[in-house]
1. Against the condition in a helix (DSSP H, G or I), among the hydroxyl-bearing types (Ser, Thr, Tyr) and surrounded by 13 or more Cβ atoms within 10 Å (Cβ to Cβ), how does Tyr57 come out, does it pass?
2. Only residues that are closer than 15 Å to Asn9 by Cβ and surrounded by fewer than 11 Cβ atoms within 10 Å (Cβ to Cβ): list them for segment 60-80, please.
3. Only one of these is within 18 Å of the chain's Cα centre (by Cα) and of a type in the set (S, T, N, Q): Ser41, Ser63. Name it.
4. What do you reckon, is Tyr111 under 24 Å from the mean Cα position of the chain (by Cα), more than 17 Å from Ser8 (Cα to Cα) and modelled with pLDDT under 85?
5. Just name the residue that is modelled with the lowest pLDDT out of those in segment 1-44 that are surrounded by 13 or more Cβ atoms within 10 Å (Cβ to Cβ) and in a loop (DSSP other than H, G, I, E, B).
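The values are calculated or read from the model by the stated rules, or taken from the named source; none is laboratory data. In this text the structure is predicted, and so the values were computed from the model without any measurement. Glycine gets a Cβ as well: all are built from the backbone with ideal geometry, and neighbour counts include every protein chain shown.
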Amino acid sequence: MSLTMISSNVAGSTKKQLTASILFIGYCIGNIIGPQTFLKSEAPHYRSAYIAMLVGYSVKLASIVVLYIYMWRVNVDVYRRCTHTSVPPTTPAWPTIRQAMMGCGASTLLYTTDLV
């Protein structure tokens, strides 16, 4: 899911294809390097492989958290610009008719299609 989340947040078909390609190449490189961390001398516990997987998952989690914070900040800035208030309501349908008339409707927010 995290692999598709990044490429689905890119606007434009060329950028979307390039992003998907880069992610696929990174995925393939990880699948090539991953088995090399399982050393025969460390059997049966494979400490270096455990550390490598832990580091990889930590980097992945940190990247997803940074992406979430970035998208949240952009949405708050759009909301501030459109409504002149500081915090958006918690309901998912907060764009109103007034905002749509100002050109600040739901299409200006970052859901899953407008990043980059």
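1. Values: in a helix (DSSP H, G or I): yes; among the hydroxyl-bearing types (Ser, Thr, Tyr): yes; surrounded by 13 or more Cβ atoms within 10 Å (Cβ to Cβ): no.
Against the criterion (in a helix (DSSP H, G or I), among the hydroxyl-bearing types (Ser, Thr, Tyr) and surrounded by 13 or more Cβ atoms within 10 Å (Cβ to Cβ)), Tyr57 does not qualify.
2. Once the filter is applied, which keeps residues that are closer than 15 Å to Asn9 by Cβ and surrounded by fewer than 11 Cβ atoms within 10 Å (Cβ to Cβ), segment 60-80 yields Val65, Val66, Ile69.
3. Values: Ser41 fails: within 18 Å of the chain's Cα centre (by Cα).
After applying the criteria, what remains is Ser63.
4. On the way: under 24 Å from the mean Cα position of the chain (by Cα): yes; more than 17 Å from Ser8 (Cα to Cα): no; modelled with pLDDT under 85: yes.
So Tyr111 fails the test.
5. Asn9
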